[in-house]
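See structure below.
The values are calculated or read from the model by the stated rules, or taken from the named source; none is laboratory data. This is a predicted model, so every value here is computed, not measured. Note: ideal-geometry Cβ built from the backbone for every residue, glycine included; neighbour counts use all protein chains shown. Only protein heavy atoms, including side chains, enter the accessible area calculation; ligands, DNA and RNA are left aside. Shrake-Rupley method; radii C 1.70, N 1.55, O 1.52, S 1.80 Å.
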Amino acid sequence: MPRRIAFGEQLRSLIWRTPVAEEVDAELAFHLEMRVREYLARGMDPAAARAAALGRFGDLAAVNRICREIGKRRDQDMQRAELLSELRQDARYAFRQFLKSPGFFAVAVLTLALGIGANAAIFSVVNAVLLRPLPLGQPDRLAMVWLGTGGDRAPTSWQDFVDWRANSRSFSDLAALDSRTVTLTGDGEAARLNGTRTTSNLFSVLGVRVERGRALTVDDDRPGAPPVAVLSHEFWQSRFGSDPGIVGREIRLDGEATTVVGVAAPGVGFPNRTQVWRAFHPAPRELSPPGRGIRYLMTIGRLAPGGTVAGAGAELSAVAKRLAEQYPQSNGDASAIDVVGLNEQVVGGVRTPLLVLLGAVALVLLIACANVANLLLVRAAGRSAEIAVRTALGAGRGRLIRQLVTESVFLAALGGAAGLMLADVARRLLVRLAPSSVPRLSEVTLDWKVMGFAAAVALMTGVLFGLVPALQASRPDLNRTLKEGGRTAGARGASQRIRSALVVAELALALMLLVGAGLLMRSFYRLQHVDPGFRAANVLTFNIALPERKYRDAQAQRAFADAVLERMRRLPGVRSAALVFGLPLGGIGYGITFTIEGQPPPEPGQGLGSQVRMASPEYFATMGIPLVSGRPFRSSDREGSSHVVVINETAARKFFPDGAPLGKRIRFDNSSDSVFIGGEVVGVVGNVRQFEIKQEPEPEIYMPLAQEPSENLTVVLRAATDPTQLGPSARAEVRALDRDLPVYSMRTMEERVADSVADSRFYMLLLATFAGVALVLAAVGTYGVMSYAVSQRTQEIGIRVALGAGQGEVVRLVVKHGLQLTFVGVALGAAAAYALSRVVQSLLFGVPATDAPTFLAVSALLTSVALAASYVPARRAARVDPLVALRAG
C-alpha cells in the first residue's frame, strides 16, 4: 500500500519541492569540494588547495546570490507552469463531471445565480446611492445648515443667513437657495421646471463648473440687475436640442424675459434635480424687522480647511443664541443650529433600508450556499469509490481538495456569470419600482465595482460551499469503500451531521428573513388602514402656478381663481370643484406663528405655531374632510368682509384647552407686514395627514382663498366616476383661460396616497420576495437531506418493515428527524431575529420590532413547510419493499 503523505508535507511540496537556498548551497559546496580534491591530487597542501579553489570561484557570496535568484526564478516558472497545467486539468475534469450530471449542474447554477444575482442587483443600488461620491467638488467638505435639531430641522430667513455667513469661520463660504418650480413660456408649450433661486456663489461652494458661458456672479445679486439664468446640461439637451447658441439667448421664466448666461456641466442638478438656476433677490418685507421670521431658505456651506461639521454646528449655534437674545420676537425659537453633512442629508433617510436589503440578500446567498454544499456532499458521497481509488493510487489529500474546490469554484463562476445577467434585469426592475424618495436612482449601473463585487462573491461562495464537502470527501475509508465497491456512502455519520447542520442553518436564516418580511407586511397593513382624514376615491388634482409678473396683485389672482373654478364646475362628470394651497400629501407647507386674542402672550421662543392653508369654500366637501363644529367657508368670505379661519381638531385641542375655539380671534405674528391677517375661528374640521400617511396630524389653520389669494394653486375635482377622464377637458379649460399656464402634477388622490406609502411598499415587497426565495430554498434543502437520509437508511427501514413495523411508524420515524432539525433551526433563527430586531425598527409603523404574533406566525409557517418537506420522503420510505431493501444492503 502506498505511503500516506502528511497533508502539511504535501502542501509544502506544492509550493517548494526543495528550498532553493539549500539546493544552491549544496551545489556550490559540491563544486568547491571537487576543485579542492583536484588541487590536492596535484600535490598541494589542504589549506593552499582550498584557498586556490576559492580564488578560482571568485566572490563566492555573489555567485551564491546570483544562483539563488536564478534558482528561484526557475522554480517559480516551473511551479507556475505546473499549477496552470493542473488547473486546466482540474477545470476540464470538472466540466466533464458536470456534463455527466446535467440536472445537478442546472440546479446548482440556478441556485447560485439567484443568490449572486440578487446580491449584485442590491449592491448596484447601494453602490450608486451610498458608496459613490456625490458629483460635486470634494463632497465630504459640504454641509447643510438648518434651524433646530433632529426631526425639527427648518429653513432660515435671509437676515439670519447674512448673519451666519458674516460670523462663521468654520465655513469658507455659505450659499442660500430657494428651490421652487418656475414656468417656462415662449419656447413651445408652456412647461413647469424645477427651479432654484440662489446666491451667486452656489456653484463655487458646490465646487462644480459650467460647461458653456458663465455661472452667476456677484453683479447678478445686486438689486435691479437684469434677470439671468443658468440651465442644467440635461435640460439644455432635452428642451433646446443642445443648441450651441443658447448662451445669450432670451427665454421667459414666470413671464419675465431672462437671459441664459451659462449651461452647467453634465450631472449637476443640486438641489432636487434643478433645471434652471436664477439669482436670488430678497423681497423688501424680508429685509424689515419682521422678515427674520420669514423662513424658507436652505443653506449649504463648504467647510474651511480644518473645519468640521461638529465645530461648525457649535459655532453657528452660538451665533443663533446671540440672535435669539437680540431679536426675541422673531428668533426666540431659533436658538439651535443643526449642521448635517451633505451626503448624510441626501442619503441618510435611505441608508438603513438599503443596508437591511443588502443584509437580506446576503442571507439568501448563505442559504443558497448551504443548499449547494448539501448537493456537493451528496455528490461526493456518490463518488466515494472514485476518490478512494485515487487515494489508493497515491493522490494526496491536498490534491483531492484542490480538485474538488476547483469544481465548486467552477460551478460558482458559472453561477456568477448567470447571476450578473439576472442582476442586470433585476437592476432595471428595481429602478423602475423604487419610490422617488430613493435618491440618485439614475446613477444605478452595473459598473466595474458591481462586477468586481459579483466576482468576489462568486469566488467566496465557491470556496465557502466547496471547502466543507471537499474536506469531508478527501478522507475516505479506503478499506470499507473499496471492499464494498462504493455501494455505501462512506463516512455516513460525519457527513450526515454536516448535512443536518447545514439544514438547521438554512432554516434559521430563512426564519430571520421571514420575520423581517412579516414585520414589514404587518406594518404596511397598518399603513393602508390609517385614516388620512379625507376621502380619496374619485378625486382628481392638478397644480397651477400663476406667474408673479402677470398676476402681480391679489385682485388678478382672485379673478383667475373664480374663473377657473367656474369652468371646472361646468365640466361634465364633475360633482364638485375646489381650490387649495397646501393639498394633503402634496409636499407643500407653510408654517407661521400667531397669537390668540384674550390669551396671555407666549414667552419669547415659545410662540404658537401652525401650518397654514388657503382654500375655497367647497374644499372641505370636495375632499371629504368632515366638519366637526361651526361652519365651513362661505362665498361671502371675501375681500372686504370680516376675516375668518377654520382650524383642525389638533389645533383646537392644543391651542384652546377650554374646548371653545369658535369665536376666538387669531392674529398672525407678521400681520404688521400685511402678509397674513388671521381672523375669527368659525369652524373646526377633522384632522388630515398632511405630509405623510405615517406622520401624525399637525395643527392647521385654513384661510379663505378669496381673502388670502395665492399664486400657487391646486385644483381639486370630485368626479362621478373615473376621475382620470376629466384630465384632458380640465387641461383644455385652463389653457383656454391662459395658454401660458402649464398644468402639472395631475394625479388622483388615490395615487397620491399610494405614493405616500411607496417606500414602505417597496421595501416590504423586496424583503418578502427574498424571504419567499429563502423559504423555498430551505424547503428544498430539508427535502434533499431527508430524502438522502431515507436512502441511507433503506436497509434499516426494510428490516423494520420485515419485523412488522407499520407505515405510520416509519413515517413518524422519518418526520421526527425532520422536526428535530426544524425546531433547532426555528429556535436559533428566532433568537437571532430577536437580537437583530432593532435594525428594522425604523422601517416599521404601528408594529414593534419584537411583535410576538409575527414571530409565532412565521415560526408556524416555517415549521409547516419543513414538515411537508419531510413528509414526502417519509411516505416514500413507508412504501419500501423489504426484499428490495435487504438486497440493497
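Model label sites at residue 497 and residue 864, defined 7 Å from Cα along the beta-carbon direction, differ in position by 3.5 nm. For residue 321, no lysines have a Cα falling under 24 Å of its own Cα, not counting residues fewer than eight places away in the same chain.
Pairwise inverse Cα distances across region 496-547, averaged and inverted, put the Kirkwood hydrodynamic radius at 15.7 Å.
Computed from label points 7 Å out along Cα-Cβ, the spacing between residue 27 and residue 445 is 5.3 nm. The mean of 1/r over all distinct Cα pairs in region 152-199, once inverted, gives the Kirkwood hydrodynamic radius of 13.3 Å. For residue 51 and residue 636, the difference between the fully extended length at 0.36 nm per residue and the C-alpha to C-alpha distance is 198.1 nm. For region 561-569, the Karplus equation 6.51 cos²θ - 1.76 cosθ + 1.60, evaluated at θ = phi - 60°, returns couplings of 4, 4, 5, 5, 5, 4, 5, 5, 5 Hz by residue, with Gly and Pro reported as x. Hydrodynamic radius of region 657-741 by the Kirkwood approach over all distinct alpha-carbon pairs: 16.8 Å. Rounded, prolate or oblate: which fits region 581-656, taking a ≥ b ≥ c as square roots of the Cα gyration tensor eigenvalues, rounded meaning a/c under 1.5, else prolate when a/b beats b/c? Because a/c hits 1.5 or more and a/b exceeds b/c, region 581-656 counts as prolate. Our estimate of slack between residue 138 and residue 318, defined as 0.36 nm per intervening residue step minus the Cα-Cα distance, is 62.1 nm.
Close amide H partners of residue 712, meaning residues 5 or more places away or on another chain with modelled amide H under 5 Å apart, are 546. Extension gain, residue 820 to residue 621: 0.36 nm times the residue separation minus the Cα-Cα distance gives 65.5 nm.
Taking label points 7 Å from Cα along the Cα-to-Cβ direction, residue 562 and residue 667 give a separation of 3.0 nm.
Less than 5 angstrom separates the built amide H of residue 274 from none of the residues sequence-distant by 5 or more or on a different chain.
Working note: Karplus 6.51/-1.76/1.60 with θ = phi - 60° gives region 728-737 the couplings x, 5, 5, 5, 5, 5, 5, 5, 5, 6 Hz, where Gly and Pro are set to x. Where the alpha-carbon atoms of region 136-275 are placed on the principal axes, they occupy 45, 31, 30 Å, in descending order. Shape analysis of region 531-670 based on the Cα gyration tensor places the equivalent ellipsoid semi-axes at 29, 19, 15 Å, largest first. Geometric descriptor of region 230-270, per residue, is 70 Å³ (volume of the convex hull of the Cα atoms).
At 1.4 Å probe radius, can you tell me the per residue accessible area of region 397-436 in Å²?
Averaged over the residues of region 397-436, the accessible area is 44 Å².
Return the FRET efficiency for the residue pair residue 70, residue 871: r is the Cβ-Cβ distance, R0 is 56 Å, and the value is rounded to the nearest 0.05. Computed FRET efficiency for residue 70 and residue 871 comes out at 0.25.
Amide H contacts under 5 Å for residue 705: 615, 616, restricted to partners 5 or more places along the chain or on a different chain, H placed in the peptide plane at 1.01 Å from N.
Across region 328-345, computed HN-Hα scalar couplings (Karplus, 6.51 cos²θ - 1.76 cosθ + 1.60, θ = phi - 60°) run x, 5, 9, 10, x, 9, 10, 8, 10, 10, 10, 9, 10, x, 4, 4, 5, 5 Hz from first to last residue, x flagging Gly and Pro.
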